[in-house]
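Trainee: After the structure tokens below, expect a handful of questions from me.
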Amino acid sequence: MFALIDGNNFYVSCERVFRPSLNGVPVVVLSNNDGCCVARSNEAKDLGIKMGQPWFEVKHLERIVGLVGLSANFVLYGDISDRMMSIAAGLGPTQEVYSIDESFIGMDGVRGDLVRRARTVRERILQWIGIPTCVGMAPTKTLAKLANHVAKTAERKPGSYPAELAQVCNFGALPAAELEAVFKATEVNEVWGVGRRIGRQLVDAGVTTVWDLANLDVAAVRGRWGVVLERTVRELRGQTCIGLDDAPEPKQQIACTRSFGRPVSALAPLEQAVSEFASRAAEKLRSQRGAAASVLVFVRTSPFRQGPQYSRSIVVPLRRPTADSRLLGTAAIDGMRAIWREGHDFAKAGVMLLDLEDEDRCQGELDLDVQEGSSRDTRRLMAAVDAVNGRFGKGMIHVGSTGQSGPPRAWGMRQERRTPQYTTQWSDVPVARA
DNA sequence: TCTGGGGTCCTAGGACCC
DNA sequence: TCTGGGGTCCTAGGACCC
């Protein structure tokens with residue numbers, strides 16, 4: 001048995017904790033550069049605003065209906081997420097934190113009334129943190145996701161599903177006839193693992209509801225769509241194919257990519273950008289005690305603009321695996337010099353660290369390298385950088401690879417919102433509900 | 001004018017080997 | 001003249017997720 005608990009309209013709910021005046025108002029939280037809507041309040045959803053919709057397309061609603069667009073504050077959301085997850089863990093013996101706003105809970109061995117238990121946990125999260133949540137429970141993860149969808153939709157759109165399924169929905173306690181009715185009332189593209197493309201193909205084949213999908217022949221599904229969708233179908237029938245991942249492996253690749261606030265064509269600001277991207281990626285790398293053996297750099301024009309498009313990437317191999325910001329930054333700059341071309345308006349660039357290894361496995365080699373300084377000194381320097389940035393905010397200092405480091409504004413990107421005071425004052429004392 | 005960022009998994013096809 | 005077939009590894013690209 002699995003539970004899926006997630007925060008409703010999570011980023012918007014986080015903002016409302018500190019600005020209660022936003023309750024009842026249509027609110028969206030915007031991505032980097034205030035580009036797209038990445039979270040919407042119920043009121044904003046009711047206005048027809050889509051996930052990922054460009055802000056310029058809906059900005060006029062500010063004047064007309066009082067829509068509020070907020071720049072994202074990911075440091076804040078991360079802190080609130082941590083607290084929410086630790087309370088959610090009380091639901092059952094094992095937990096997989098699946099994303100910033102949702103976690104699966106393994107419910108095996110939990111006795112008693114599961115719905116009551118889930119209601120208690122979500123009440124606690126609402127009272128202590130101020131975040132409204134929904135819980136779905138079922139014998140497989142795919143079904144738990146679906147139950148969670150039902151719990152949210154029953155609350156947001158009364159009449160769509162039986163009212164008693166709102167907020168907490170346990171498929172395991174539902175009679176077969178009711179479960180069938182729910183499956184038949186739910187569109188196939190709501191299923192976890194059915195995206196835009198496969199959803200369209202399914203509908204074209206006459207498979208429009210969850211009920212239709214669950215009753216397809218598994219061999220036929222495998223033949224036409226592959227093993228991934230086959231697993232989904234089996235999970236919809238209650239057969240566990242996807243287990244709980246409560247001890248995730250270290251990441252296999254680490255990326256830092258950004259769109260620019262305005263087009264950039266010159267080489268120098270692009271070098272500076274990828275140098276900082278490499279530095280940020282290296283921080284993440286060190287936090288999982290890893291080392292990268294190669295660096296991928298890419299740059300591209302905007303696919304939304306007319307005119308000649310240019311998009312290139314290059315993989316720069318390193319002499320040996322490292323987590324040193326300076327070496328990774330130098331490699332990123334080398335890569336950018338190799339792929340940059342004169343005369344283009346670039347819209348985005350990025351750095352990805354690839355072929356990651358465990359730090360300890362390359363330690364011996366590093367120690368032999370006198371040219372690049374001892375690995376102990378390097379590690380102390382990097383630890384100091386990480387400590388300062390942890391204390392005063394991400395990107396506060398950054399080890400240069402070009403000797404001409406400057407503020408990120410030089411390449412036209414709006415600064416991310418930071419709340420260092422908030423993170424340092426944030427203790428284990430529960431916050432009163434706003 | 002203005003269009004996010006960071007991941008995972010699977011598959012097909014080419015290179016290479018025996 | 002006539003030139004196999006199977007296995008493995010790697011990579012690029014597609015699809016999905018939030």
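Trainee: Classify the stretch A:10-75: rounded, prolate or oblate, from the alpha-carbon gyration tensor (a ≥ b ≥ c, eigenvalue square roots; a/c under 1.5 rounded; otherwise prolate if a/b is larger than b/c)? Mind showing how you got there, number by number?
Mentor: Values: a/c = 1.64, a/b = 1.11, b/c = 1.48.
Judged from the Cα gyration tensor, the stretch A:10-75 comes out oblate (a/c at least 1.5, b/c at or above a/b).
Trainee: Could you calculate the contour length gain from residue A:357 to residue A:178, that is, 0.36 nm times the residue separation minus the distance between their Cα atoms, to one decimal place in nm? It would help to have the intermediate numbers written out before the result.
Mentor: On the way: separation 179, 0.36 × 179 = 64.44 nm, distance 4.97 nm.
Result: 59.5 nm gained on full extension.
Trainee: From the convex hull of the Cα coordinates of chain A, what is the mean projected area in square nanometres? Let's see the in-between values first.
Mentor: Numbers: hull surface 97.7 nm².
The Cα convex hull of chain A, projected and averaged over all directions, gives 24.4 nm².
Trainee: To continue, here is another question. Would you kindly state how much longer the chain becomes between residue A:237 and residue A:23 on full extension, computed as 0.36 nm times their sequence separation minus their alpha carbon distance, in nm to one decimal? All intermediate terms of the calculation are to be shown ahead of the outcome.
Mentor: Numbers: separation 214, 0.36 × 214 = 77.04 nm, distance 3.93 nm.
73.1 nm is the gain from fully extending residue A:237 to residue A:23.
Trainee: Could I ask something else about it? Applying the Karplus parametrisation 6.51 cos²θ - 1.76 cosθ + 1.60 with θ = phi - 60° to the phi angles of the stretch A:154-168, what ³J(HN,Hα) value in whole Hz is obtained for each residue in order, glycine and proline being reported as x?
Mentor: 4, 6, 7, 10, x, x, 5, 9, x, 4, 6, 8, 5, 6, 10
Trainee: ³J(HN,Hα) across the stretch A:301-315 via Karplus (A = 6.51, B = -1.76, C = 1.60, θ = phi - 60°), whole Hz, x for Gly/Pro?
Mentor: In residue order, the calculated couplings are 7, 7, x, 8, 9, 5, x, x, 9, 9, 8, 9, 9, 8, 9 Hz.
Trainee: Separate question: Compute the distance in nm between two label points, each set 7 Å from the Cα along the Cα-to-Cβ direction, one at residue A:312 and one at residue A:99.
Mentor: Simple spin-label model gives 3.5 nm for this pair.
Trainee: Let me ask something else. If amide hydrogens are placed 1.01 Å from N in the peptide plane, which non-local residues have theirs closer than 5 Å to the one on residue A:254?
Mentor: A:353
Trainee: Using a simple spin-label model with points 7 Å from Cα along the Cα→Cβ vector, what separation in nm is obtained for residue A:89 and residue A:163?
Mentor: For residue A:89 paired with residue A:163, the spin-label model returns 3.8 nm.
Trainee: Turning to a different aspect of this structure: Could you give the length gained by full extension between residue A:246 and residue A:64, i.e. 0.36 nm per residue of separation minus their alpha carbon distance, to one decimal place? List each step's numbers first, then the result.
Mentor: Details: separation 182, 0.36 × 182 = 65.52 nm, distance 4.64 nm.
Here the answer is 60.9 nm.
Trainee: Taking amide H positions as placed in the peptide plane 1.01 Å from N, state which residues far from residue A:53 in sequence (5 or more) or on other chains have amide H under 5 Å from it.
Mentor: Amide H neighbours of residue A:53, under 5 Å, 5+ apart: A:37.
Trainee: Could you sort A:318-326, A:29-37, A:217-225 so that the peptide with the highest average Cβ count within 10 Å comes first and the rest follow in order?
Mentor: Working: A:318-326: 21.4, A:29-37: 18.9, A:217-225: 13.3.
Averaged packing, sorted descending, gives the order A:318-326, A:29-37, A:217-225.
Trainee: Could you work out how far apart the two model spin labels at residue A:79 and residue A:110 are, taking each label as a point 7 Å from the Cα in the direction of the beta carbon, and quote it in nm?
Mentor: For the pair residue A:79/residue A:110, the computed spacing is 2.9 nm.
Trainee: Right, here's the next one. Using helices alone, I'd like the mean residue ellipticity at 222 nm for chain A: each DSSP H run of four-plus residues gives -39500 (n - 2.57), total over residue count, nearest 500. Intermediate results must be reported in sequence, preceding the final value.
Mentor: Numbers: 17 runs with 176 residues, N = 434.
That calculation yields -12000 deg cm²/dmol at 222 nm.
Trainee: For a quick check: with amide H placed at 1.01 Å from N, whose amide H comes under 5 Å from residue A:135's, ignoring anything fewer than 5 positions away on the same chain?
Mentor: A:168, A:169
Trainee: Can you tell me the orientation of helix A:74-88 relative to chain A, as the angle in degrees between its alpha-carbon axis and the longest Cα principal axis, to the nearest 10?
Mentor: Taking the Cα atoms of chain A, the angle to A:74-88 is about 40 degrees.
Trainee: Select from the stretch A:97-164 those trypsin sites (Lys or Arg not before Pro) which occupy a DSSP coil region and have at most 14 other Cβ atoms within 10 Å, ordered by residue number.
Mentor: Numbers: sites: A:111, A:116, A:117, A:119, A:122, A:124, A:141, A:145, A:152, A:156; in loops: A:111.
Loop-located and lightly packed - A:111.
No value in this document is a laboratory result; all are computed from the given coordinates. Everything quoted here is computed from the prediction, not taken from an experiment. Glycine gets a Cβ as well: all are built from the backbone with ideal geometry, and neighbour counts include every protein chain shown.
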